[in-house]
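**Q** Can you read through this structure? Questions will come right after.
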Amino acid sequence: MISRIQFSFSKIVAYFLLLFTFLTFSVACRAQTKRLFLWVDASANWVQLSDSLALEAMVQKTSEVGFTDLVIDVKPNFGYVLYPSKIAPRLLKWKGVQRSADYDYLAHMIQAGTRHGLKIHAALNIFSEGSRPSGLGLVYESHPEWQTILYQPDGLKPISQVDDKQSMFVNPAREDVQKYELSLIAEIVRNYPKLTGIILDRARFDGISSDFSQESRQAFEGFLNKKAAHWPNDIFSWQKQTSEADPTPSPGPLFKKWIFWRAKLIHDFFVKARNAVKAINPQLEFGDYAGSWYPTYYEVGVNWASKNYQPPFWWADSNYYSTGYAELLDFFMSGCYYFEVTIDELKLPEVRLDLHQEAAMKKGKQFWYSVEGACDITNQVIQDATTVYGSLFVQQYKGHPLQFKRAVEMALNKTDGLMLFDLIYIAEYDWWDLLQKTFTRFN
């Protein structure tokens, strides 16, 4: 009798050990589930998503493929918004297609996302309020004084007078500009409580030549507590290395202070933006997209690093680390915008330097100019301060589906998930099946 009881007890113990192992494995699998974001650009997808049936079909398709989140661009670079706003001008006609004023694009996205199990995030182009091709935006229509002043080799110019600039950036140093952008963030959070998150894009200066307005000069001099005697040459001057070369910035005595001041200004804006979100909806996720090329990203005034990261670069002074804003984010989307997937591919002669066209991106072969290297440097700089999603520009892989698949796999192996820009290219190249098969391996 005793032996039977002991045998039964042994079976019970074995059963519970097996059950515990199964549950532990299940929890571990769930913990490893990757978030998969698909960005939906406002302009590129305007025609295709201008009615609720087409929108519903798109959301259903992305859900079936395996995406978990959609990023809905609701404020493109020209500043018009795609929802009923009491603050910003609303876009109702684009590319010859008129949308009804009753068609609340963002609300429809949230409703469709709920039906198909997708999380919906609203993305805003923060410091861009106009586009040259369209001629639309506050820079052209009501607030020309907001536009950033660029220090060009031929002098100081408003950005609207610089022909090769497409997005009309405004000056982040202006309090009225910041107040306006924060009011839009708060309006969206307040009006759409079922959103999952808010994502900032273009929350930066236009480039190394921005901003040299009188407002910025006064703010910078206030930070220094002294006058800049030789503005703008105290910051940098344009010099040619050879007679054939384009002029490049030669740093002046206040260059590092200026770099720090701009990064601190953007950091402080992120504090305000996060507070604006969390004060209304503490559960809403607060995210950011920026380029992964950290060693040159200082040119746009952004330090997306952890505060625990001390940049070992010539342009960073000893206090630059304090401008890092990674700890303010619920997640960071790192733009790994390269055709080359592995670091080793940079050794090949056919490196696609022609694709290095993003702000502050150089034409080098440094390790971070690959998807693998971009993920590595992002993880190094972020230091686990927030969740990282490797992000790919799908158009860079046109005609190269296997290279695209390798890039997706690299981003998923190296980071916590994936963001693909943009829906329009996935649809045009018909890469749905490719993605579905690839995602299956990770989720």
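**Q** For the range 62-166, give me the percentage of DSSP beta bridges that are antiparallel, rounded to the nearest 5 percent.
**A** 50 percent
**Q** Pairs of Cα atoms under 8 Å, at least six residues apart: use those to get the relative contact order of the chain, whole percent.
**A** Here the relative contact order equals 14 percent.
**Q** Mind running the shape call on the range 212-340? Use the C-alpha gyration tensor, a ≥ b ≥ c as the square roots of the eigenvalues: rounded below 1.5 for a/c, prolate if a/b tops b/c, oblate otherwise.
**A** Taking the square roots of the gyration eigenvalues as a ≥ b ≥ c, the range 212-340 is oblate.
**Q** Looking only at the chain, where both bridge partners belong to it, what percent of the DSSP beta bridges are antiparallel (to the nearest 5)?
**A** Rounded to the nearest five, the antiparallel share is 30 percent.
**Q** Within the set K119/K414; K165/K227; K95/K347; K157/K272; K257/K363, which residue pairs have Cα atoms separated by over 32 Å?
**A** Flagged as over cut-off: K95/K347.
**Q** If each DSSP helix of 4+ residues adds -39,500 (n - 2.57) and the sum is divided by the residues in the chain, what number results at 222 nm, nearest 500 deg cm²/dmol?
**A** Calculated mean residue ellipticity at 222 nm is -11500 deg cm²/dmol.
**Q** In the chain, if the dipole is taken from +1 on Lys/Arg beta carbons and -1 on Asp/Glu beta carbons about the Cα centre, which of N171, Q147, G117 is farthest to the positive end?
**A** It is G117.
**Q** With +1 assigned to the C-beta of every Lys and Arg and -1 to the C-beta of every Asp and Glu, and no other charges, what is the dipole magnitude of the chain about the Cα centre in debye, to the nearest 20?
**A** That gives a dipole near 1100 debye.
**Q** Give me the distance between the Cα centres of the range 120-170 and the range 196-267, rounded to whole Å.
**A** Centre-to-centre (Cα) distance: 17 Å.
**Q** Per residue of the range 280-294, what does 6.51 cos²θ - 1.76 cosθ + 1.60 with θ = phi - 60° give for ³J(HN,Hα)? Whole Hz please, x for Gly and Pro, Karplus curve as stated.
**A** 8, 9, x, 7, 5, 6, 10, x, 8, 10, 8, x, 7, 7, 4
**Q** Based on the alpha-carbon gyration tensor of the chain, what equivalent-ellipsoid semi-axes (square roots of 5 times the eigenvalues) come out, in whole Å, largest first?
**A** Over the Cα atoms of the chain, the ellipsoid semi-axes are 41, 27, 23 Å.
**Q** Using +1 on the beta carbon of Lys and Arg, -1 on that of Asp and Glu, and nothing else charged, what's the dipole of the range 266-389 about the Cα centre, debye to 20?
**A** Magnitude of the dipole: close to 280 debye.
**Q** Run through the DSSP bridge list for the range 158-300 and note the antiparallel percent, rounded to the nearest 5.
**A** Counting DSSP beta bridges with both partners in the range 158-300, the antiparallel share is about 50 percent.
**Q** Per residue, what volume in Å³ does the convex hull of the Cα atoms of the range 136-224 enclose?
**A** Expressed per residue, the convex hull around the Cα atoms of the range 136-224 is 129 Å³.
**Q** Another question, then. Given the options L36, L355, L124, which has the most mean-square fluctuation in a GNM of the chain, springs set between C-alpha atoms less than 10 angstrom apart?
**A** L355
**Q** Right, here's the next one. How would you rank 419-429, 233-243, 338-348, highest first, on the average number of other Cβ atoms within 10 Å across their residues?
**A** 419-429, 338-348, 233-243
**Q** Give the lysines reachable from K93 as a straight Cα distance under 18 Å; neighbours fewer than 8 places away on the same chain don't count.
**A** Counting by Cα, and skipping residues close in sequence, K93 has these lysines nearby: K75.
**Q** Dividing the convex hull volume of the alpha carbon atoms of the range 271-406 by its residue count, what do you get in Å³ per residue?
**A** Taking the convex hull of the Cα positions in the range 271-406, it is 122 Å³ per residue.
Readers should treat all values here as calculations from the given coordinates under stated rules, not as data from a laboratory. This is a predicted model, so every value here is computed, not measured. Reconstructed Cβ throughout: ideal geometry from the backbone, glycine too, with neighbour counts over all protein chains shown.
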